[in-house]
1. Whole number please: convex hull volume per residue, Cα atoms of region 30-82, in Å³.
2. So what is the relative contact order of the chain, in percent, for Cα pairs below 8 Å that sit 6 or more residues apart?
3. Would you work out if region 1-105 is rounded, prolate or oblate? Take a ≥ b ≥ c from the square roots of the eigenvalues of the alpha-carbon gyration tensor; rounded if a/c is under 1.5, else prolate when a/b is larger than b/c, oblate otherwise.
4. Of the candidates Leu55, Leu131, Leu113, which one comes out as most mobile in a Gaussian network treatment of the chain with C-alpha springs shorter than 10 Å?
5. Summing +1 for each Lys or Arg and -1 for each Asp or Glu, what net charge is found among the other residues whose Cβ lies under 9 Å from the Cβ of Glu67?
6. Convert each backbone phi in region 96-101 into a coupling constant with the Karplus relation 6.51 cos²θ - 1.76 cosθ + 1.60 (shift: θ = phi - 60°), then list the ³J(HN,Hα) values in order as whole Hz, x for Gly and Pro.
7. Assigning unit charges at the beta carbon (Lys, Arg +1; Asp, Glu -1) and nothing else, what dipole magnitude in debye, to the nearest 20, does region 1-160 show about its Cα centre?
8. So if I place +1 on the C-beta of Lys and Arg and -1 on the C-beta of Asp and Glu, and nothing else carries charge, what would the dipole magnitude of region 68-156 be about its Cα centre? I want it in debye, nearest 20.
Amino acid sequence: MEHTLHKVIGKCINGNEFPNCKIIKDPACGGQQNVPLFCSKDKSNETEYCNVDLLMIKDNKIRVIIEIEETDVKPTQICGKFLTSALSSYYIHKSENNAPIGMSDSVLFIQILDTSQLKEKTSKIKQWEKLEKSIKNMLPINKIRKYKLLYGNVSDFKNREGNKCTKLVAYIKEALK
C-alpha cells in the first residue's frame with residue numbers, strides 16, 4: 001500500500017513547526033520505526049497494546065498521538081485505535097534505550113480519516129462528526145484529555161496555505177501551550 005495520506009501528514013508535522021518536540025513517525029509517515037505503546041513500564045508482547053502512526057514528545061512526556069486511517073474508516077476501527085491508545089501509558093523503543101516515556105497529564109489524540117474512497121452522498125462524514133462528539137463527551141480517558149477527528153483526502157492536506165494541514169498544525173500548537 002502506498003500510504004499516500006500518511007506521507008502527506010508526516011510532511012505536515014515536522015520539526016520546523018514544532019522545534020520543542022521530538023516527533024516520532026512510523027514508516028508509512030516517513031519515519032524509520034514502529035511507534036509502540038504499552039500498558040506498563042515492562043516492554044513485552046503482552047504489554048504492547050498498539051502501534052501509532054505519529055507521536056509527539058515534549059518535556060520527555062507524550063503530548064500528541066496521531067492515527068491515520070486510509071481504508072477502514074468504520075466506527076469500530078476508529079474507536080479501537082482510540083481506546084487501545086487511551087489504555088496505554090508508555091512509549092518504549094530501543095531508539096530511546098528502552099526507557100519508558102510516559103503520557104503527559106494532558107494528551108491530545110488526533111484521528112485523520114481518508115475521504116478519497118467514500119461514495120457520493122455518503123453518510124460517513126455525519127457519522128464521524130457524531131462519533132467525534134461522542135468520544136469528546138467521554139473524556140478524559142486515562143491521560144487523553146483532548147480529541148480531534150479530521151477528515152479529507154491527500155489534496156486537502158497537501159498544500160500548505162489555507163488547508164487542513166495548516167489547521168492541523170494550529171490545533172496541535174494550541175494544545176501544546
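1. Taking only Cα atoms, region 30-82 has a hull volume of 111 Å³ per residue.
2. It comes to 21 percent, rounded to a whole number.
3. Oblate, since a/c reaches 1.5 and b/c is not below a/b.
4. Leu131
5. With Lys, Arg at +1 and Asp, Glu at -1, the net is -1.
6. For region 96-101, the Karplus curve yields 10, 6, 6, 7, x, 10 Hz.
7. 500
8. Numbers: 14 positive and 10 negative charges, 75 e Å.
In total the dipole reaches around 360 debye.
All of the numbers you see were taken from the coordinates with simple rules; none came from a lab. Everything quoted here is computed from the prediction, not taken from an experiment. Note: ideal-geometry Cβ built from the backbone for every residue, glycine included; neighbour counts use all protein chains shown.
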